[in-house]
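Contents: one structure, followed by commentary.
The values are calculated or read from the model by the stated rules, or taken from the named source; none is laboratory data. Small disclaimer: the values here were computed from a predicted structure and weren't measured. Reconstructed Cβ throughout: ideal geometry from the backbone, glycine too, with neighbour counts over all protein chains shown. All accessible areas refer to the heavy atoms of the entire protein, side chains included, with ligands and DNA or RNA removed. Shrake-Rupley method; radii C 1.70, N 1.55, O 1.52, S 1.80 Å.
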Amino acid sequence: MSAQQSASLTQSPIRFDRATGVLEGANAWERTAALALATGSKISQHFSHRGYIHCANLLRKTLPERNIAIKLNTDAVFEFPYGDGYWSKLLNRSYHYEDELELLFSHSADVDYTLIDCGANYGYWSVLVSSAPLGSHRAIAIEPSAQNFSKLVNNARVNGDRFELMKCAIGAGRGTAHLSGTKHEAFSIAGGANGGGEEVPVIALDNLIDDGKVSANGKYLIKLDVEGVEIEAIKGGTRLLQADSVILCEEHGNDPQHTVSRYILEQTPLKLIVYDPRSNRMETVTELSILDRIKVSTHVGYNVFGTASAFWQDRINALNANVRLQ
């Protein structure tokens, strides 16, 4: 690393407050870039941000290597490299990242649950769920990539080390795997050893019980952002999913067979639930054809929920009732 790069990485981060729109600590070019990144998101959100990541990453090459710290709420700060194509959409104050998850987390602020954040990336949801406005919940952020884990560690630090960290992948059982991919938001162990890449430890969800990380009788929201190994992860969580748990899984927009949802619906005792933007409700899925209508973009992911918990089903019903009253 050059002396110039080293100096830039030790600079204080640019700061952006999503509530007020105030940007601090940026030079003239960095301010111009922020406007371009926010405007690009506002325009491209009308077509599911197609092309946004590529354009933002091109712009990033012209920027100094430093972080931006986004104030998500009064008690949550999320840092990432300035200009990052995946996360820079947060500069657009009208953008909501995975709004169906935000809806569930916000409505569950008063529940004593633990977030198990599998495929945590830089820790966005662990930062938010552990913040006071969302209930100051316990969170366990699980991330296999060394590149991502260093940024996850930083986000834990800037938020007072209030959530736990584990560097591993989630699968059907204990072992090792090879992590491959070129995009930090899409690293996967699905390619096996043939994919090359970083060797990482793998654990099953139920190993969290075995290792004393969680109890079998707690309440859990389990985010499975595991890039192609969702079914293996579900298979490895039989005991945990018998508890008061909800799995939050990504259903890929480019999968017309709805593979993850089909597995949950046909091969597990879990009820399958999806957020339907047409009704603005969490709908219980009995026919997968509803996903043909909801999954309108092939290049994005859609979250589906699976639960066998009467407690969480009641909470989701209450959420729907609350939406109707608004």
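Overall, the accessible surface of the stretch 127-245 at a probe of 1.4 angstrom is composed of carbon and sulfur to the extent of 48 percent.
Most simply put, the chain has about 55% antiparallel DSSP beta bridges, counting only bridges with both residues inside it. In the distance distribution for the stretch 52-124, Cα-Cα pairs more than 21 Å apart total 35 percent. Basic side chains Lys and Arg get +1 at the Cβ, acidic Asp and Glu get -1 at the Cβ, and with that the dipole of the chain about its Cα centre reaches some 760 debye.
Taking all protein chains together and a 1.4 Å probe, the residues LEU265, LEU58, LEU319 rank LEU58, LEU265, LEU319 from largest to smallest accessible area. Surface calculation, 1.4 Å probe, protein heavy atoms: TYR275 sits at approximately 40 Å² accessible.
Set the Cα radius of gyration of the chain against 2.2 N^0.38 Å, with N its number of residues, and you get 0.98.
Subtracting the Cα-Cα distance of GLU266 and ARG293 from 0.36 nm times their residue separation leaves 7.7 nm of extension gain.
Each of ASN303, ASN322, VAL274 was scored by the projection of its Cα onto the charge dipole of the stretch 258-326, and the greatest displacement toward the positive side belongs to ASN322; charges sit on the C-beta of Lys, Arg, Asp and Glu. Straightening the chain between SER48 and LYS183 buys 46.8 nm, computed as 0.36 nm per residue apart minus the Cα-Cα spacing. Taking GluC sites (Glu not before Pro) as exposed when their DSSP state is a loop state and no more than 16 other Cβ atoms lie within 10 Å, the longest site-free interval of the chain runs over 66-286. A dipole drawn for the stretch 134-234 from +1 and -1 charges on Cβ atoms has a positive end, and of SER188, ILE142, GLY228 the residue lying farthest that way is ILE142. The three principal axes of the Cα atoms in the stretch 156-237 give end-to-end lengths of 38, 34, 18 Å, sorted in falling order. Only protein heavy atoms count here; under a 1.4 Å probe, SER279 has an accessible surface of about 40 Å².
Calculation over all alpha carbon pairs of the stretch 47-203 in 10 angstrom steps from 0 returns a P(r) of 10, 36, 36, 16, 1 percent. When you work out D = kT/(6 pi eta Rh) for the stretch 235-326 at 10 °C and 1.306 mPa s, using the Kirkwood radius from C-alpha pairs as Rh and the Stokes-Einstein form, the result is 116 µm²/s.
Within the stretch 1-147, antiparallel bridges make up roughly 45 percent of the DSSP beta bridges whose residues both belong there. Starting from the Cα of ALA146, step 7 Å along the direction of its Cβ; do the same at ASN280; then give the gap between the two resulting points in nm. Taking the two extended label points, one gets 4.9 nm. Note on the stretch 173-326: Cα convex hull, mean projected area over all directions, 10.1 nm². Computed over protein heavy atoms with a 1.4 angstrom probe, the accessible surface ordering of SER48, SER289, largest first, is SER289, SER48.
Computed over the chain, relative contact order equals 12 percent, with contacts defined as Cα pairs under 8 Å that lie 6+ residues apart.
At 37 °C and a viscosity of 0.692 mPa s, what translational diffusion coefficient does Stokes-Einstein give for the stretch 112-179, taking Rh as the Kirkwood radius over Cα pairs? Give it in µm²/s as a whole number. It diffuses with D of about 271 µm²/s by this estimate. Under a Cβ-Cβ cut-off of 12 Å, what is the net charge of the residues other than ASN57 that fall near it, where Lys and Arg count +1 and Asp and Glu count -1? Local charge sum for ASN57: +1. In this structure ASP161 has an accessible area near 110 Å², from a 1.4 Å probe over the protein heavy atoms. What the Cα convex hull of the stretch 1-122 gives, in volume per residue, is 137 Å³.
Number of Lys-Lys pairs in the chain with C-alpha atoms under 17 Å apart and a separation of 8 or more places or on different chains: 15.
Helical runs assigned H by DSSP (4 residues or longer) give the chain a calculated mean residue ellipticity at 222 nm of -9000 deg cm²/dmol, each run adding -39500 (n - 2.57) before division by the residue total.
Given +1 at the Cβ of Lys and Arg, -1 at the Cβ of Asp and Glu and no other charges, the dipole of the stretch 1-131 around its Cα centre is 740 debye to the nearest 20. Ordered from largest to smallest accessible area (heavy atoms of protein chains, 1.4 Å probe), the residues HIS54, HIS49 come out as HIS54, HIS49.
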